[in-house]
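Everything on this sheet refers to the single structure shown next.
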Amino acid sequence: MRPDIVVAGIGETTPVPADSRSIPEMVLEAVEAALADAGIGHRDLDAVTTASVDMFDGITASNIAVTEVVGAVMKPEARISADGLTAVAHAACQIWSGAYETVLVAAHAKTSIAPHRDLTQWALDPIHVQPLGVDFLTCAGLQARLLADRDPGAERRWAEIAAKRRGGAMSPDRILASPLVASPLRLGMCAVPGDGASAVVLRAKKKGIGGPILAGIGYDLEPHALGDRDLTRWSGLERALDRAGKTAGFEGRRPHFDLAEPSCLFPHEEELFVAAADLDEMTEISPDGGLLAGYIPIVAGLSRMTSATRYFRRNRKAGALALVHGTWGPAAQGQVVAILGGAAS
Amino acid sequence: MRPAAIIGTGQTDHAKSRDDVSQPELVREAASRALADAGLRPSEVDAIIIGNMEMFEGRALPELWVGEGGFANRKPCLKIATGGTSGTSSCIAGFHQAASGVFDIVLVVGFEKHSEGQTQTGMALTDPFWDRGVASGALGNFALSISQYMAERGVTPEQAARVAVKSRRNAAKNPHAHLKDANATVADVLASKVLAHPVRLMDMCPQSDGAAAIVVASAERAKKLCSRPAWVKAATTRHEQPYIGDIDRRLLSMRTLRDASRSVYATAGIREPLKQLDVAEIYEPVTYAELAWYEILGFCSEGQAGRLIEDGVTEIGGELPVNPSGGVLCANPVGATGVIRVAEAASQILGRAGAHQIEGAKTALVTGYGVYAWADAMILGSEP
């Protein structure tokens, strides 16, 4: 029998465009908060799983910088280079395998120390794509262009979605008047990258350990070349969600989600997300505002998990389910989801 | 941990430069060989783990591009990157996934294509304020520790040279090895140029292009698919604090490797490693490290490593053959190097190691190593 996994503690820094602290200082804040929230210390951790990307941090094995602050000295640490929610998925496998009972998951990125957008070019096929000078933002623009060309009302709708996610800070008209950054995507439609860290403590459920249950995980890697993909839908998310449903015991049916915390960096991604997850109007999406006002690459999916955990602490509806989501790569090539189940006491 | 087993392995032919293939093609070569070895089709793989250090190729998130070389299109795929231990840590991640009940068949592929990057730049990983000016890259770190090791334990350059000779002689039996020389001598090693005193060229591992893969299966699938799987008896990882000066005799004492090996020995019921292990594939980046780690791994008492190599105990045909494949000294595509250790140890248990097969190998030790004194250890066995 595999153990149930509880999200026992969460912690994070406030996302800002540029955090003046070092990477370990940021991570320390998130980790100390998560451990305090779970009511445990470093010594209670069986293992640590971190997520970060060397090229974005500008140093080889950038998790070296955080080994001490995540409490991984003389401990097992798995380090994943992908969205932080994949680290949750892997940590879940570690706990379900019976290897560990308590795993700290931490993700960090500091985009302010380097030209982040340019660095994303280095993740693209260096033979056929990178020489064209495209980057992750241009890839998103190409996808949005494909969608907008078939759908005359799309840009207005996207401006409205972006305005809603920005909490009224910009009107749809102002967003539509903002500069084009990757046609048809305008500045007001694009999430702003920044610096930050998130941490989550996962524990095998035992008496006295409370929190939402991590019921299922799933992830997927789409083909790399945009031309090899159907850019009109997020089929990678559909597959990831089917896999997560299977691990959660929802074989063959999509459950109703009370909450969705997607990692959408552009409004067209939110539409792709809603369609792929087959959500209806009963699902609350990103009540905290989501990522448009500021997101941290690699941290984003894990930060969605902290948001979903806070939701469960506010809403103790029996049987409630949340869909937590992360992406990485060009035009969301990588897709990862976690299904969180109602607060266990 | 619930049981999982390795049912297939595959390697490229490692070389200084594999400019005949792209990175995805290199990955495909190892991945398809591993699947063929396991008797599986790509569609039967549930998840893929890629092991690689992206700065060596100057890439970001390389699995996005090379993933499809590892049959990862439309499948769960993630990358593990922990320096030198990337390969062994990727395999451990594969064990956890195959034992979790989430995935039944996990393909782990490690790769590195050093010829497409600048390795020393990729190794500028020490703390930029405190350590980088003193020791960066592998060589400076090793030279400091080895001088200390020689002074304290009386290990000689001749004894270290014997490790290089053993390695090249063993590699001559291994079709995948990068450096091989059945006729290398101690005099050759001692005549090779000094890189950083006391380390000579032939003491040091090469930079290679190459990839290696293993297929890990859940217990149920392993029993169905393989008549003699290599079972994962125990596996663990230890990471270390980052500052060179903060731990006395850092590489010499390798408290991480000592602790990791004691942990897997305890789990697997190994009290006398020299007697109970049939073969070891250890991650020895430099000849002197192999000697130091004979002591740390409990193959001999402190200061006796030189005698172990002189007496031929760790040769093929000795009491405990260490690195019958030729080891890291003969092939070192970093992201793959740890996977090669696991693949070689698993091949010994599977009985598919070819000319360097240790007859009747039932219990194997694997170690992984990273320049920050990170260590992985695992025990593979012929019984679950």
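The values are calculated or read from the model by the stated rules, or taken from the named source; none is laboratory data. These numbers come from a predicted model, not from an experiment. Quick reminder, even Gly has a Cβ in these numbers, built from the backbone with ideal geometry, and neighbours come from all protein chains shown. Ligands, DNA and RNA are stripped out before the accessible areas are found, and what is left, the full protein with its side chains, is counted by its heavy atoms. Shrake-Rupley method; radii C 1.70, N 1.55, O 1.52, S 1.80 Å.
May I have the convex hull volume per residue, in Å³, for the Cα set of region A:79-125? Kindly include the intermediate steps, with their values, before the conclusion.
Numbers: hull volume 4.2 nm³, N = 47.
Expressed per residue, the convex hull around the Cα atoms of region A:79-125 is 89 Å³.
Counting only GluC sites (Glu not before Pro) that sit in a DSSP loop (anything but H, G, I, E, B) with at most 11 other Cβ atoms within 10 Å, what is the longest stretch of chain A containing none of them?
Numbers: sites that count: A:Glu251, A:Glu281.
Within chain A, the longest run free of exposed GluC sites (Glu not before Pro) spans A:1-250.
Name the longest site-free stretch of chain B, where the excluded sites are GluC sites (Glu not before Pro) in a DSSP loop with no more than 12 other beta-carbon atoms within 10 Å. Walk me through the numbers on the way to the answer.
On the way: sites that count: B:Glu302, B:Glu359.
Formally, the longest exposed-site-free interval is B:1-301.
Mind checking the mean number of beta-carbon atoms from other chains within 10 Å of the Cβ atoms in B:92-105? Provide the component values of the computation, followed by the final result.
Numbers: counts 4, 7, 1, 4, 14, 7, 2, 6, 13, 7, 14, 3, 0, 0.
Mean shielding by partner chains, rounded to a whole number: 6.
How much mean residue ellipticity at 222 nm does chain B get from its helices, if each DSSP H run of length 4 or more adds -39500 (n - 2.57) and you divide by all residues, to the nearest 500 deg cm²/dmol? Don't skip to the end; give the middle numbers.
Values: 15 runs with 142 residues, N = 384.
Dividing the helical sum by the residues of chain B leaves -10500 deg cm²/dmol.
Is there a pair in A:Lys75/A:Lys317; A:Lys246/A:Lys317; B:Lys79/B:Lys362; A:Lys206/B:Lys79; A:Lys206/B:Lys223; B:Lys113/B:Lys173 whose C-alpha atoms are over 26 Å apart, and which pairs would that be? Before the final figure, lay out the partial values.
On the way: A:Lys75/A:Lys317 38 Å; A:Lys246/A:Lys317 23 Å; B:Lys79/B:Lys362 31 Å; A:Lys206/B:Lys79 31 Å; A:Lys206/B:Lys223 32 Å; B:Lys113/B:Lys173 23 Å.
Violating the 26 Å limit, Cα to Cα: A:Lys75/A:Lys317; B:Lys79/B:Lys362; A:Lys206/B:Lys79; A:Lys206/B:Lys223.
Any aspartates and glutamates with Cα under 18 Å of the B:Lys224 Cα? List them, leaving off those in the same chain fewer than 8 positions away.
B:Asp37, B:Glu44, B:Asp46, B:Asp104, B:Glu383
Measure out, as a whole number of angstrom, how far apart the alpha-carbon centroids of region A:124-170 and region A:194-260 sit.
Each part's Cα centre sits 23 Å from the other's.
Per residue, how many Å² of accessible area does the protein assembly as shown show with a 1.4 Å probe?
On the way: 24170 Å² over 729 residues.
For the protein assembly as shown, the per-residue accessible area is 33 Å².
Looking at region B:271-312, which trypsin sites (Lys or Arg not before Pro) are DSSP coil and have at most 16 other C-beta atoms within 10 Å of their C-beta? Display every interim value, and only then the final one.
Values: sites: B:Arg271, B:Lys275, B:Arg307; in loops: B:Arg271.
Sites meeting the loop and neighbour criteria: B:Arg271.
Using Cα springs under 10 Å in a Gaussian network model of chain A, which residue among A:Pro179, A:Pro267, A:Pro126 shows the largest mean-square fluctuation?
Maximum among the listed residues: A:Pro126.
When only Cα pairs under 8 Å and 6 or more residues apart are kept, what is the percent relative contact order across chain B? Write out the running numbers ahead of the final one.
Details: 951 pairs, mean separation 100.2, N = 384.
Computed value for chain B: 26 percent relative contact order.
For B:Glu359 paired with B:Leu190, estimate the spin-label separation in nm (one decimal), with each label point 7 Å from Cα along the Cα-to-Cβ line.
3.5
Tabulate in residue order the Karplus-calculated ³J(HN,Hα) for region A:177-189, using 6.51 cos²θ - 1.76 cosθ + 1.60 with θ = phi - 60°, rounded to whole Hz; enter x for Gly and Pro.
8, 6, x, 6, 10, 8, 3, x, 6, 9, 3, x, 9
Which of the trypsin sites (Lys or Arg not before Pro) across region A:175-224 are loop residues per DSSP, with 14 or fewer other Cβ within 10 Å? Walk me through the numbers before you get to the answer.
Working: sites: A:Arg186, A:Arg203, A:Lys205, A:Lys206, A:Lys207; in loops: A:Lys205, A:Lys206, A:Lys207.
Passing sites in region A:175-224 are A:Lys206, A:Lys207.
Got a number for carbon plus sulfur as a percent of chain A's accessible area, 1.4 Å probe? Please list the in-between numbers first.
On the way: 6380 of 12030 Å².
With neighbouring chains kept in place, the figure for chain A is 53 percent.
Once the Cβ-Cβ distance between A:Ala275 and A:His128 is put in as r, and R0 is 30 Å, what FRET efficiency do you end up with, to the nearest 0.05? All intermediate terms of the calculation are to be shown ahead of the outcome.
Working: r = 29 Å, r/R0 = 0.97.
For R0 = 30 Å, the calculated efficiency reads 0.55.
Suppose each label sits 7 Å from its Cα in the direction of the beta carbon; what would the A:Arg43-B:Lys275 distance come out to in nanometres?
So the label points at A:Arg43 and B:Lys275 sit 3.6 nm apart.
Can you give the accessible area buried between chains B and A, summed over both chains, with a 1.4 Å probe, in Å² to the nearest 100? All intermediate terms of the calculation are to be shown ahead of the outcome.
On the way: alone 14470 and 14330 Å², together 24170 Å².
Buried area between the two chains comes out at roughly 4600 Å².
Can you pull out the trypsin sites (Lys or Arg not before Pro) in region A:280-345 whose DSSP state is coil and whose Cβ has at most 16 other Cβ atoms within 10 Å? Kindly include the intermediate steps, with their values, before the conclusion.
Details: sites: A:Arg304, A:Arg310, A:Arg313, A:Arg314, A:Arg316, A:Lys317; in loops: A:Arg316, A:Lys317.
Filter output for region A:280-345: A:Arg316, A:Lys317.
Once every DSSP H run of n ≥ 4 in chain A is given -39500 (n - 2.57) and the sum is divided by its residues, what mean residue ellipticity at 222 nm do you get, rounded to the nearest 500 deg cm²/dmol?
Working: 10 runs with 109 residues, N = 345.
The helix-only estimate for chain A comes to -9500 deg cm²/dmol at 222 nm.
Once you mark the chymotrypsin sites (Phe, Trp or Tyr not before Pro) that are in a DSSP loop and have at most 13 other Cβ atoms within 10 Å, what is the longest gap between them in chain B?
Details: sites that count: B:Phe129, B:Trp130.
That gives B:131-384 as the longest site-free run.
Other chains' Cβ within 10 Å of A:214-227 residues: what's the mean? Present the calculation step by step, with values, prior to reporting the outcome.
Numbers: counts 0, 0, 1, 3, 2, 5, 6, 15, 7, 6, 9, 2, 0, 0.
Per residue, the number of nearby Cβ atoms from other chains is 4 on average.
Report the residue, chosen from B:Gln23, B:Gln348, B:Gln120, that carries the largest GNM mean-square fluctuation when chain B is represented by alpha-carbon nodes joined by springs under 10 Å.
B:Gln120
Between region B:36-65 and region B:204-222, how far is it from one alpha carbon centroid to the other, in angstrom?
Centre-to-centre distance over Cα atoms comes out at 10 Å.
Relative contact order for chain A: what is it in percent, counting Cα pairs under 8 Å that are at least 6 residues apart?
On the way: 785 pairs, mean separation 84.9, N = 345.
Normalised by residue count, the contact order of chain A is 25 percent.
At 7 Å along the Cα-to-beta-carbon direction for both A:Thr232 and A:Arg156, put a label point, then send me their distance in nm to one decimal.
Taking the two extended label points, one gets 2.2 nm.
Divide, for region A:1-160, the radius of gyration over alpha carbons by 2.2 N^0.38 Å, where N is the residue count. Spell out each step's value before the answer.
Numbers: Rg = 19.1 Å, N = 160, 2.2 N^0.38 = 15.1 Å.
Relative to the 2.2 N^0.38 Å estimate, region A:1-160 comes out at 1.26.
May I ask you to derive the relative contact order of region B:28-130, considering only C-alpha pairs under 8 Å and at least 6 residues apart, and to give it as an integer percent?
It comes to 38 percent, rounded to a whole number.
How shielded is B:253-263 by partner chains, expressed as the average number of their Cβ atoms within 10 Å of its Cβ atoms? Let's see the in-between values first.
Values: counts 0, 0, 1, 3, 0, 0, 2, 2, 0, 0, 1.
Averaged over the peptide's residues, the number is 1.
Grab the beta carbon distance between A:Leu187 and A:Ser22, set R0 = 35 Å, and tell me the FRET efficiency rounded to 0.05.
Details: r = 30 Å, r/R0 = 0.85.
Efficiency computed from Cβ-Cβ geometry: 0.75.
Would you give the gap between the C-alpha center of region B:105-134 and the C-alpha center of region B:73-98, rounded to a whole Å?
Rounded to whole Å, the Cα centres lie 17 Å apart.
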